[in-house]
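One structure below.
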Amino acid sequence: MRNISINQLDDMPRPVVAIGTDYSHGHLLPFHTHRRGQLLYGATGVMRVSTQSGNWVVPPQRAVWIPPGVAHEVLMLGVSTRSLYIEPCTVDLGPKCQVLNVSALLRHLLMEAVDVPLMYDQVGRDGVLINLLLHELTRSAPLPLHIPMPVEGKLLSLCQTFLNMPNTHQSPQHWADQLHISLRTFNRLFRQQTGLSFRQWRQQACVVQALARLAAGEAVTRIALDFGYESPAAFSTMFRRVLGQAPSVWLEPTN
């Protein structure tokens, strides 16, 4: 099915409902939840997904898993999606959102699934296709495109301010001073709240924010300078250290 709300199809007596949707650039889906788990795949464009626990950027031809009942907001940047709405307990992809790599086989299965009849024959060809899709989905590798957010009010505010204007030169001591706590206490608090050290979080936040800006057509040089890097080469080196590949690779189709 295409360009139809899952709310009209949620009670279909099938474990998977596949829907394809085209969005205008900049379209925002405000916070909402689904009874089913959702695999949200962007055939084109970039998606920015937000929940209370963090933010994710989903490059082209990757997907994000959104567990059942998790409130989320999605900003669509030139996106054509293929979504699977999956009955709870059908697959185990974990209780938290995560960006997933999408293999060539999974990509073709997702594209095909939206043309499968809603009441597909579960023991026929279409049922086999859906089952193979679910098997391939469980093999998908998670990608480090998540910015975990703290729950503590003042620290959360500092993190949100940083995301609006990332700066690689901001030090943990600077943040500790703003919170009126010692550096040691700050480092312990930050790791407790986010699961990452401040340096890891700062780098990951810069990388994820950079992907969203690259998708909007901004140059690496502009982004690198805005983030406080001395040169595009220095920024690209950091990017490769975090994600293993150059910035441009993440905006290209997967193999």
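The values are calculated or read from the model by the stated rules, or taken from the named source; none is laboratory data. The structure presented is a predicted model; accordingly, all values stated were derived computationally and were not measured. A quick note on method: Cβ atoms are made from the backbone with ideal geometry, for glycine too, and the neighbour counts reach across all protein chains shown.
Just wondering, is there one or more residues in the range 186-201 that are surrounded by fewer than 18 Cβ atoms within 10 Å (Cβ to Cβ), at positive phi and free of Cβ contacts under 8 Å to residues at least 40 places away in the same chain? No, because not a single residue in the range 186-201 is surrounded by fewer than 18 Cβ atoms within 10 Å (Cβ to Cβ), at positive phi and free of Cβ contacts under 8 Å to residues at least 40 places away in the same chain. Selection of first residues in the range 136-152 that are polar (S, T, N, Q) and of second residues that are crowded, with 21+ Cβ neighbours inside 10 Å, restricted to Cβ pairs under 6 Å at least 6 apart or on distinct chains, gives the following pairs, ordered by first then second residue: S140/L100. State all residues of the range 104-120 that are within 14 Å of Y41 (Cα to Cα) and touching a residue at least 24 places away in the same chain (Cβ under 8 Å); if no residue qualifies, say none. Once the filter is applied, which keeps residues that are within 14 Å of Y41 (Cα to Cα) and touching a residue at least 24 places away in the same chain (Cβ under 8 Å), the range 104-120 yields A104, L105, L106, R107, L109, L110, M111, A113, V114.
Residues checked against (1) at pLDDT below 95; (2) touching a strand residue (DSSP E or B) at 6+ places or on another chain (Cβ under 9 Å); (3) within 26 Å of K96 (Cβ to Cβ); (4) not polar (S, T, N, Q):
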{"position": "P166", "(1), (2), (3), (4)": "yes, no, yes, yes"}
{"position": "Q170", "(1), (2), (3), (4)": "yes, no, no, no"}
{"position": "D177", "(1), (2), (3), (4)": "no, no, no, yes"}
{"position": "H180", "(1), (2), (3), (4)": "no, no, no, yes"}
{"position": "Q200", "(1), (2), (3), (4)": "yes, no, yes, no"}
{"position": "C206", "(1), (2), (3), (4)": "yes, no, yes, yes"}
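Applying the criterion of being under 18 Å from the mean Cα position of the chain (by Cα) and more than 27 Å from V17 (Cα to Cα) to the residues of the range 121-158, the residue that is surrounded by the fewest Cβ atoms within 10 Å (Cβ to Cβ) is P144.
Count, please, the residues in the range 46-63 that happen to be closer than 16 Å to G20 by Cα and either in a loop (DSSP other than H, G, I, E, B) or touching a Cys at 6+ places or on another chain (Cβ under 6 Å) (or both). Break it down into steps so the answer makes sense when it comes.
Quick first cut of the range 46-63, residues closer than 16 Å to G20 by Cα only: 46-47, 60-63.
Still in the running and either in a loop (DSSP other than H, G, I, E, B) or touching a Cys at 6+ places or on another chain (Cβ under 6 Å) (or both): 60-62.
Count: 3.
Against the list (1) part of a helix (DSSP H, G or I); (2) out of contact with any Ser or Thr (no Cβ under 6 Å at 6 or more places or on another chain); (3) free of Cβ contacts under 8 Å to residues at least 60 places away in the same chain; (4) not assigned by TED's automatic domain parsing to the domain that holds T51, the condition L211 fails is (3).
Tell me yes or no: at least one residue of the range 31-45 is closer than 22 Å to L133 by Cα, of a type in the set (S, T, Y) and in a strand (DSSP E or B). Checked the range 31-45: at least one residue is closer than 22 Å to L133 by Cα, of a type in the set (S, T, Y) and in a strand (DSSP E or B). The criterion of being of a type in the set (V, I, T) and assigned to a strand (DSSP E or B) does not hold for V70.
If you go through the range 46-79 and keep only what is of a type in the set (K, R) and more than 25 Å from I130 (Cβ to Cβ), you end up with just R48.
Being more than 19 Å from K96 (Cβ to Cβ) and either in contact with a Gly (Cβ under 6 Å, 6 or more places away or on another chain) or buried (at least 23 other Cβ atoms within 10 Å of the Cβ) (or both) is the filter here; which residues of the range 28-43 pass it? Spell out the reasoning first.
Residues of the range 28-43 that are more than 19 Å from K96 (Cβ to Cβ), as a first pass: 28-30, 42-43.
Of everything in the range 28-43, just one residue is more than 19 Å from K96 (Cβ to Cβ) and either in contact with a Gly (Cβ under 6 Å, 6 or more places away or on another chain) or buried (at least 23 other Cβ atoms within 10 Å of the Cβ) (or both), namely G42.
Looking for whichever is more than 16 Å from the chain's Cα centre (by Cα) and either of a type in the set (A, V, I, L, M, F, W, C) or more than 30 Å from C206 (Cβ to Cβ) (or both) here; the options are A113, A71, A43, A63. Which one fits? Full working, then the answer.
Numbers: A71 fails: more than 16 Å from the chain's Cα centre (by Cα); A43 fails: more than 16 Å from the chain's Cα centre (by Cα); A63 fails: more than 16 Å from the chain's Cα centre (by Cα).
Being more than 16 Å from the chain's Cα centre (by Cα) and either of a type in the set (A, V, I, L, M, F, W, C) or more than 30 Å from C206 (Cβ to Cβ) (or both) holds for just one of A113, A71, A43, A63, which is A113.
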